Amino acid sequence: MERHEALVVIGAKFFSERQDTNPYASAETMRAFDQVIRNSLGDGLARAASVFRTFYQEQSRVIGIPTRERPFPDPGDMAKLRYLKRIADQLSEWVSRIHALEAPSNDRVYHRIRDNDQLLELLIDVDYQLAQSATEIDRMTESLNVSVLDAMLPKFERQLEVLGKAVRERSRIISGVV
């Protein structure tokens, strides 16, 4: 192919991708949507972490400062304080992991070797599971208050496990092909 012919092919490809009616058609668009979705999921989990940090601060006020009459806090109160801090820290960690998830590379060599369409279909399914669990966690923390906190924690922990499973599955899919 002559140099001037290559420019025509490159230009045609550029304009055909930019005017595509299907926004999911190009890999660049898929990567951009993936980042937007992960940012919104991370924002919801950050809100949940903020709620648990608020509960942690309230619990630390309940414990109070040591006095001469009571130099050591109640072990049950301290266990609850540690538990709330662990949940808040775990949510913050998941936010960081979700923001740092990889996207499929844009390398043309790998694009010829692997089935990119199948990879994107797998990622859509896993991202859907990830979005469901992150949205459920955000929804659960919206209605969460101190009176129902103890009753909701087992269900909340199950959702955290589902979220972790989806993040690990997505990382496994990407690491297997990159």
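The values are calculated or read from the model by the stated rules, or taken from the named source; none is laboratory data. Note that the coordinates shown come from a computational prediction; the quantities given were computed from them, not determined experimentally. Counting neighbours? That spans all protein chains shown, and the Cβs are built from the backbone with ideal geometry, glycine included. Accessible surface areas use protein heavy atoms only, side chains included; no ligands, DNA or RNA. Shrake-Rupley method; radii C 1.70, N 1.55, O 1.52, S 1.80 Å.
Structure values in brief
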{"item": "Model label zone, GLU93; criterion: amide N under 16 Å from point 7 Å along Cα-to-beta-carbon; scope the stretch 124-165", "result": "157-165"}
{"item": "Probe 1.4 Å, accessible area per residue of the stretch 28-176, Å²", "result": "61"}
{"item": "Trypsin sites (Lys or Arg not before Pro) within the stretch 28-88, DSSP loop, no more than 15 other Cβ atoms inside 10 Å", "result": "ARG68"}
